[in-house]
Amino acid sequence: MRSISDPPRVESVGTTEDAEGWFEDPYRVHRQRWFSAGSATGLVRDGATESTDPPPDEPFEGPLVMADTDSIGRTDGSDLLRAGDGRGDPDDQDMIAEREFLAGL
């Protein structure tokens with residue numbers, strides 16, 4: 001039995017065992033699910049709304065289908081914000097103060 005912390009690996013789908021990016025949710029719980037190194041993650045999309053929902057414990061059936069890039073946007077992860085990448089909320093007062101401090105050094 002698999003646990004939520006051990007998401008299922010992509011199995012018998014050819015070269016997608018190293019799947020990386022947005023795919024149609026093979027569990028059919030959400031519209032799309034992010035895969036990393038061939039494993040389903042808890043990052044999901046429903047339309048333009050992103051949220052988290054761990055993948056179910058049971059393995060999915062059928063092949064992985066890449067997400068439709070025309071309906072949502074990029075599927076390679078380049079549209080995701082990463083912690084510490086400097087693209088946070090431009091109105092964040094702490095970030096503004098830190099930038100001003102660093103600029104004065």
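The values are calculated or read from the model by the stated rules, or taken from the named source; none is laboratory data. Keep in mind that what you see is a predicted model, and the values were worked out from it rather than measured. Quick reminder, even Gly has a Cβ in these numbers, built from the backbone with ideal geometry, and neighbours come from all protein chains shown.
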### Query
How do the pairs read when you match residues in segment 43-67 that are under 18 Å from Glu20 (Cα atoms) and touching a residue at least 40 places away in the same chain (Cβ under 8 Å) with residues anywhere that are in a loop (DSSP other than H, G, I, E, B) and among the aliphatic types (A, V, I, L, M), using Cβ under 7 Å and keeping only pairs 6 or more apart or on different chains?
Pro54/Ile4; Pro63/Val13; Leu64/Val10; Leu64/Val13; Leu64/Ala19
### Query
What strands (runs of 3 or more DSSP E), lying completely within segment 1-79, carry at least 2 residues that are surrounded by 15 or more Cβ atoms within 10 Å (Cβ to Cβ), among the aromatic types (Phe, Trp, Tyr) and modelled with pLDDT of 90 or more?
21-24, 32-36
### Query
Could we say that Ala97 is under 12 Å from Asp25 (Cα atoms), at pLDDT 65 or above and not in a loop (DSSP other than H, G, I, E, B) here?
no
